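Just below is one structure, and these are the notes that go with it.
The values are calculated or read from the model by the stated rules, or taken from the named source; none is laboratory data. Fair warning: this is a prediction, and the values are worked out from it, not measured in the lab. A quick note on method: Cβ atoms are made from the backbone with ideal geometry, for glycine too, and the neighbour counts reach across all protein chains shown. Ligands, DNA and RNA are excluded from the accessible area calculation, which covers all protein heavy atoms including side chains. Shrake-Rupley method; radii C 1.70, N 1.55, O 1.52, S 1.80 Å.
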Amino acid sequence: MTFLTNITRSQGDPKVITSGPSSLSSSDRLARNLGWFSIGLGLVEIFAANRITGALGMHGKENHVRAFGVREITSGFMTLSVDKRAGLASRIAGDALDIATLATAMRSDNHKRHNAAFALLMVAGVTFLDIIATGATTARRYVQKGHGRSYGERSGFPQGLQAAHGMARKQVEDQQALSGTASSLTKSGGAGG
């Protein structure tokens, strides 16, 4: 996964060498899994549109299914991005389109409407997961107005402010020691003289 992470970063960004313990919450993992599911479903919709429409009794809607596949892949990539809320919102909108399209297959003259009903049930379940992930992601990232995050305890120095002061003092002392050595060499006539 670090390979994929590194190719998406800009040239000046630090590279990920190894990853430590996951800092992903359960809502982040759910969103990530929904993103990958969306990409997989989109590929199936693009490459197996004829089979899908045949199984649902929706012949002639193959191009719709392929367009929905492109939408699913786009939503999946947006859900896997840093700002996953836009991807999750687009997934919910896509679910609404899927439900509306599948509802047209529930006609009494469709002999495969039981398949369409099962597909509707599956889409409703995934929509429920999308709504849960969107709500959890939004709640986790929500900052109340007037109550911004406090970063006062952070120094910006990896080993803390005291360690940075200690390193600075040591560098000054080393520089003074070098200056003293150079000064004594100059007074004594140089290193060779």
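Odds and ends about this structure:
- Accessible area in square angstrom per residue, segment 31-111, 1.4 angstrom probe: 53 Å²
- When Asp95, Asp13 are compared by accessible area at a 1.4 angstrom probe, the order from most to least is Asp13, Asp95.
- Neighbourhood charge, 14 Å Cβ-Cβ cut-off, centred on Leu121 and excluding it, Lys, Arg +1 and Asp, Glu -1: -1
- For the pair segment 84-120 / segment 34-75, the C-alpha centres are spaced 11 Å from each other.
- Annotation: for a label point projected 7 angstrom from Cα along Cα→Cβ of Asp109, residues of segment 45-78 with backbone N closer than 18 Å are 54, 56-61.
- Peptides 78-90, 108-120 ordered by average Cβ neighbours within 10 Å, highest first: 78-90, 108-120
- Peptide packing: for 64-77, 126-139, the average count of neighbouring Cβ atoms within 10 Å per residue gives the ranking 64-77, 126-139, highest mean first.
- In segment 15-140, the alpha-carbon atoms span a convex hull of 109 Å³ per residue.
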